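First the structure, in the form of structure tokens, and then the observations on it.
The values are calculated or read from the model by the stated rules, or taken from the named source; none is laboratory data. Here the structure is a predicted model, which is why all the values come from computation and not from measurement. Every residue, glycine among them, receives a Cβ derived from its backbone with ideal geometry; neighbour counts consider all protein chains shown. The protein model used for the area step is the full one, side chains on, heavy atoms only, and it has no ligands, DNA or RNA in it. Shrake-Rupley method; radii C 1.70, N 1.55, O 1.52, S 1.80 Å.
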Amino acid sequence: MNIIDELEWRDAINQQSDEEGLRKLTNEKAVSLYCGVDPTGDSMHVGHLIPFIVLKRFQLAGHRPVILIGGATGTIGDPSGRTTERSLQTMEQIQANVEALTAQMKKLFVTDNDASQVRLVNNYDWTHKINVIEFLRDYGKNFSINTMLAKDVVASRLDSGISFTEFSYQILQSLDYLHLFQNEDVQLQIGGSDQWGNITSGLDLIRKKEGPEAQAFALTIPLMLKADGTKFGKSAGGAVWLDPNKTTPYEFYQFWANTDDRDVVKYLKYFTFLSKEEIEALAAKVETEPHKREAQKALAEEMTRFVHGEEALEQAKRITAALFSGDIRSLSADEIEQGFKEMPTFTAGTEPKNIVEWLVDVGIVPSKRQAREDLTAGAIYLNGDRVTDLELEVTPEHAIGGRFIIIRKGKKKYSLVKLG
């Protein structure tokens with residue numbers, strides 16, 4: 001299957017500048033293509049994955065991906081999708097973000113330490129050499145204000161206001177495409193649907209500089225919306241990050257595992273590298289056995305493995321199984337820290353104390369009377385074990401890894417107690 005045909009089947013194409021020409025080019029040769037991300041933070045989130053999943057598909061199909069980290073454009077700020085001006089970051093913060101995003105990209109695109117599989121570039125390397133006179137004469141002269149104002153990314157900001165700094169963003173992005181076309185043989189830029197205006201400005205600049213016969217193409221990816229109409233990529237706790245220190249692998253796994261039945265096949269097609277036959281089989285399971293959530297499990301496994309690796313996936317699955325079964329003792333202290341990150345957390349001292357008093361002092365139950373009733377009724381579990389002994393003493397020996405005690409009240413109400 002041609003890469004364009006595959007992208008169409010996966011509903012991963014929004015717009016193309018020349019569908020027939022790009023299909024012909026990808027049939028004839030291994031194409032160099034690029035996608036960029038600005039270092040506005042020190043980690044990408046799952047929303048950033050949308051165009052880079054497509055870039056990965058091109059890589060797997062034998063094409064040559066170039067990843068651009070916007071060390072220059074990140075100092076300006078892309079006005080796309082925003083109603084207000086961005087706050088400018090310090091150069092030191094931008095550089096730290098560049099290094100963090102570069103490490104994340106290498107993890108996603110480079111296997112077996114073979115860096116030849118992908119080229120990572122930073123547009124600061126060529127942009128900072130251009131002085132203001134060169135910028136205006138050599139590049140600004142090729143842009144019509146009327147055309148720039150008509151681009152959606154600018155037109156949508158005219159009422160609320162846009163600075164010359166952000167207005168000039170599309171010139172810098174166009175300059176990137178020209179530079180990569182001339183120096184890296186890049187013939188295709190891909191991006192989200194909100195990048196169409198910026199990408200086509202780059203095509204125009206290439207043709208003005210290199211001639212109308214220059215073979216350069218644009219492809220954008222559809223806006224990803226959930227079945228309920230809300231934007232993809234958010235959870236109850238906010239953005240779902242690729243950095244395991246911001247979103248643990250267990251939380252990452254759960255984000256995908258909790259996908260709505262109405263969205264799961266769409267996400268399998270878009271985000272995973274499963275075959276058409278595998279996805280169609282899972283789609284049938286959604287229709288016939290939705291309660292088994294096999295499609296969601298496959299989605300969660302594929303995405304956690306892709307972003308965090310096999311070991312982190314197995315850890316996330318262990319935490320999930322332990323919480324489902326109540327077998328808390330099977331978890332390590334680090335796994336408990338992941339799995340109970342968003343659950344009610346309390347602190348207890350290290351002195352031995354009667355279970356009734358301990359539950360009240362920690363704050364899990366409001367009174368000794370309630371504690372006795374819950375214990376007598378068998379509603380209290382300590383590290384997965386039911387406790388009915390009113391005389392039990394809670395000691396540091398109960399703490400898993402010397403750090404945590406897990407209390408469950410009833411079937412699902414968990415509390416994390418830290419010893420300190």
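Below, the figures for the structure above:
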{"read-out": "Residue within the stretch 340-355 that is part of a helix (DSSP H, G or I), modelled with pLDDT under 95 and not basic (Lys, Arg) present", "value": "no"}
{"read-out": "Failed item, numbered, when Ala257 is tested on (1) under 19 Å from the mean Cα position of the chain (by Cα); (2) among the aliphatic types (A, V, I, L, M); (3) open to solvent by less than 10 Å² (accessible area, probe 1.4 Å)", "value": "(3)"}
{"read-out": "Identity of the residue in the stretch 205-246, open to solvent by 10 Å² or more (accessible area, probe 1.4 Å) and hydroxyl-bearing (Ser, Thr, Tyr), that ends up nearest to the chain's Cα centre (by Cα)", "value": "Ser235"}
{"read-out": "Residue in the stretch 241-258 that is among the acidic types (Asp, Glu), assigned to a helix (DSSP H, G or I) and touching a residue at least 24 places away in the same chain (Cβ under 8 Å) present", "value": "yes"}
{"read-out": "Test for Ile336: is it of a type in the set (A, V, I, L, M), open to solvent by 10 Å² or more (accessible area, probe 1.4 Å) and within 26 Å of Leu419 (Cα to Cα)", "value": "no"}
{"read-out": "Residue list for the stretch 195-222, restricted to those being more than 18 Å from Gly36 (Cβ to Cβ) and in contact with a Lys or Arg (Cβ under 8 Å, 6 or more places away or on another chain)", "value": "Ala214"}
{"read-out": "Qualifying positions in the stretch 137-171 - among the aliphatic types (A, V, I, L, M) and surrounded by 14 or more Cβ atoms within 10 Å (Cβ to Cβ)", "value": "Met148, Val153, Val154, Ile162, Ile171"}
{"read-out": "Residue list for the stretch 375-390, filter: aliphatic (A, V, I, L, M) and within 11 Å of Lys411 (Cα to Cα)", "value": "Ala379, Ile380"}
{"read-out": "Residues located in the stretch 217-262, provided they are among the acidic types (Asp, Glu) and farther than 25 Å from Ala284 by Cα", "value": "Asp243, Glu251"}
{"read-out": "Count of residues meeting criterion [more than 13 Å from Thr248 (Cβ to Cβ) and open to solvent by less than 50 Å² (accessible area, probe 1.4 Å)] in the stretch 303-330", "value": "7"}
{"read-out": "Qualifying residue in the stretch 264-275 (condition: of a type in the set (D, E, K, R) and over 20 Å from Leu55 (Cα atoms))", "value": "no"}
{"read-out": "Single residue of the stretch 208-240 satisfying the filter (at pLDDT below 90 and assigned to a strand (DSSP E or B)) that is nearest to Gln16 (Cα to Cα)", "value": "Leu225"}
{"read-out": "Near pairs, Cβ below 8 angstrom, 6+ apart or cross-chain, from the stretch 387-407 (modelled with pLDDT under 95) to any residue that is basic (Lys, Arg) and open to solvent by less than 30 Å² (accessible area, probe 1.4 Å)", "value": "none"}
{"read-out": "Contacts under 7 angstrom Cβ, first residue in the stretch 310-330 being over 16 Å from Ile407 (Cα atoms) and polar (S, T, N, Q), partner surrounded by 12 or more Cβ atoms within 10 Å (Cβ to Cβ) and at pLDDT 85 or above, 6 or more apart", "value": "Gln315/Pro249; Gln315/Glu335; Thr320/Tyr253"}
{"read-out": "Subset of the stretch 259-271 (residues that are out of contact with any helix residue (DSSP H, G or I) (no Cβ under 8 Å at 6 or more places or on another chain) and either among the hydroxyl-bearing types (Ser, Thr, Tyr) or part of a loop (DSSP other than H, G, I, E, B) (or both))", "value": "Asp260"}
{"read-out": "Residues of the stretch 369-383 satisfying the condition of being surrounded by 14 or more Cβ atoms within 10 Å (Cβ to Cβ) and free of Cβ contacts under 8 Å to residues at least 40 places away in the same chain", "value": "Gln370, Ala371, Arg372, Asp374, Leu375, Ala379, Ile380, Leu382"}
{"read-out": "Index of the failed condition, Val153 passing every other in (1) at pLDDT 85 or above; (2) under 19 Å from Gly74 (Cα atoms)", "value": "(1)"}
{"read-out": "Number of the condition not met by Thr347 [criteria: (1) more than 18 Å from Pro249 (Cα to Cα); (2) open to solvent by less than 10 Å² (accessible area, probe 1.4 Å); (3) of a type in the set (Val, Ile, Thr)]", "value": "(2)"}
{"read-out": "In the stretch 260-276, the residues that are under 16 Å from the mean Cα position of the chain (by Cα) and among the β-branched types (Val, Ile, Thr)", "value": "Thr272"}
{"read-out": "Those helices (runs of 4 or more DSSP H) lying entirely in the stretch 7-110 with at least 1 residues closer than 19 Å to Tyr124 by Cβ, of a type outside the set (D, E, K, R) and open to solvent by less than 50 Å² (accessible area, probe 1.4 Å)", "value": "73-76, 91-109"}
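For every residue, the table says whether it meets (1) under 26 Å from Arg86 (Cα atoms); (2) hydrophobic (A, V, I, L, M, F, W, C); (3) part of a loop (DSSP other than H, G, I, E, B); (4) in contact with an Asp or Glu (Cβ under 9 Å, 6 or more places away or on another chain).
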position: Val153; (1), (2), (3), (4): yes, yes, no, yes
position: Arg157; (1), (2), (3), (4): yes, no, yes, yes
position: Leu172; (1), (2), (3), (4): yes, yes, no, no
position: Tyr177; (1), (2), (3), (4): yes, no, no, no
position: Gln187; (1), (2), (3), (4): no, no, no, no
position: Asp194; (1), (2), (3), (4): yes, no, no, yes
position: Ile206; (1), (2), (3), (4): no, yes, no, no
